[in-house]
1. In the list 309, 304, which residue meets the criterion of being part of a helix (DSSP H, G or I), of a type in the set (A, V, I, L, M, F, W, C) and surrounded by fewer than 16 Cβ atoms within 10 Å (Cβ to Cβ)?
2. Determine if region 226-242 includes at least one residue that is open to solvent by less than 30 Å² (accessible area, probe 1.4 Å) and assigned to a helix (DSSP H, G or I).
3. Run residue 104 past the list (1) under 11 Å from residue 133 (Cα atoms); (2) buried (at least 20 other Cβ atoms within 10 Å of the Cβ) and report the number of the one that doesn't hold.
4. Among the residues of region 72-81, is any free of Cβ contacts under 8 Å to residues at least 40 places away in the same chain and open to solvent by 60 Å² or more (accessible area, probe 1.4 Å)?
5. Any idea how many residues of region 251-288 are buried (at least 24 other Cβ atoms within 10 Å of the Cβ), assigned to a helix (DSSP H, G or I) and among the charged types (D, E, K, R)?
6. For residues in region 1-44 being among the acidic types (Asp, Glu), without any contact (Cβ under 8 Å) to a residue 60 or more places away in the chain and touching a Leu at 6+ places or on another chain (Cβ under 7 Å), which is most open to solvent (accessible area, probe 1.4 Å)?
7. Going through region 45-62 one residue at a time, which ones are surrounded by fewer than 15 Cβ atoms within 10 Å (Cβ to Cβ) and under 16 Å from residue 74 (Cα atoms)?
Amino acid sequence: MRVLMVNDLAPGPGSGVEVHLARLIDGLEAAGDAVEAFGGEIRHSGARKALDVWDPLARRELARRAARFRPDVVHYHHVVRELSASVLGAPVGRAARVITVHDNRLVGVPDSPRSAVIDRARLWKNQLDLAMARRHVDATIAVSPDLAAKLQSAGFRRVEVIPPFAPRPAVDDVVPVESCTDVVYAGRLTREKGVEVLVSAMAEVTRQLPSSQLVLVGDGPLRGELTDSAGVRVAGPMDEEGVRREMGRARVVAVPSLASEGAPNVIVEAALLGRPVVATDQPTLRELVNSLGCGIIVPRGVAASLAHALLRLLSEDGLARRLGATARQHAEARHVTDVAVSRVRDVYADLQR
């Protein structure tokens, strides 16, 4: 099968979507499919940000790429910023159109707080994005049941749930969880990700357990404000191997997000490494943590609750070991690359019938 992947940014290191895309492409190619990626070639800045609404050039460029590559399937991911919703209706021959929805943005839930004026403009743009996606897409993949229900309520057809996935880790990446003492955060260093709340929580953790430290893996606007200190090490951005190595030496992985999330890869990566997780109480995070049986859910933005959960997992060897083992078992059954890629290929094949 010939698959044209379409995304605002190129696959590879970066946000969770670009990592997901790279893994999916690798898996499809390993299964024998021909895959080409369209993403990263077009960027909007300055006055050109207005083209986030509708970009005729992006539409024409995708049509040209499809005419040359002649795909059986065009698989969209994040496309409503740099490429705009215009590409959803670009002429792509007889190819079936699939979209993977990675977060709540398309169903109108903002991924970060903005001003009232920006929110009104975004609401108008969201209606256009929704209309284009509903009209042109043949099948929809959601990364969580909660998101699938929202998409169905919004009028999307043929919605399939395929959760996030990751490669099976090498044995060398994993240290027995009961011998570890660190808390690892891996993601964007931004306020909406709850990094500041996590740093505050760790002050109480290290007061009671001085041998524990927080390792912050990633980059973002807060990186310049964060410095190594008692109980905190700022590791900075790393490739996938580096992130996996840090998590494989962690006692617990923290996902303290304040804003709406999709289904973060980091929870699945932690589960495959047998690491318990502490995550905030929002639908998609709660669903994923509970389905994996991998951790503790805490209220958003409450440092004391976060500290209490971290202290439990750092202090109770049996609890950390039990949650980690359950997480790995469930993740290996449902969240590894070959299982997810097989399900994506089933969606493609169904559209060819």
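The values are calculated or read from the model by the stated rules, or taken from the named source; none is laboratory data. Every value quoted in this text rests on a predicted model; they were computed, and no experiment measured them. Note that we place each Cβ from the backbone using ideal geometry, even for glycine, and neighbour counts take in every protein chain shown. These area figures cover heavy atoms from the full protein model, side chains too; ligands, DNA and RNA do not enter into them. Shrake-Rupley method; radii C 1.70, N 1.55, O 1.52, S 1.80 Å.
1. It is 304.
2. yes
3. (1)
4. No, region 72-81 contains no residue that is free of Cβ contacts under 8 Å to residues at least 40 places away in the same chain and open to solvent by 60 Å² or more (accessible area, probe 1.4 Å).
5. 1
6. Among those residues, the one meeting the criterion is 36.
7. Listed by number, the list holds a single entry, 60.
Let's see how each residue does on (1) within 26 Å of residue 144 (Cα to Cα); (2) modelled with pLDDT of 95 or more:
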site	(1), (2)
230	no, no
242	no, no
263	yes, no
292	yes, yes
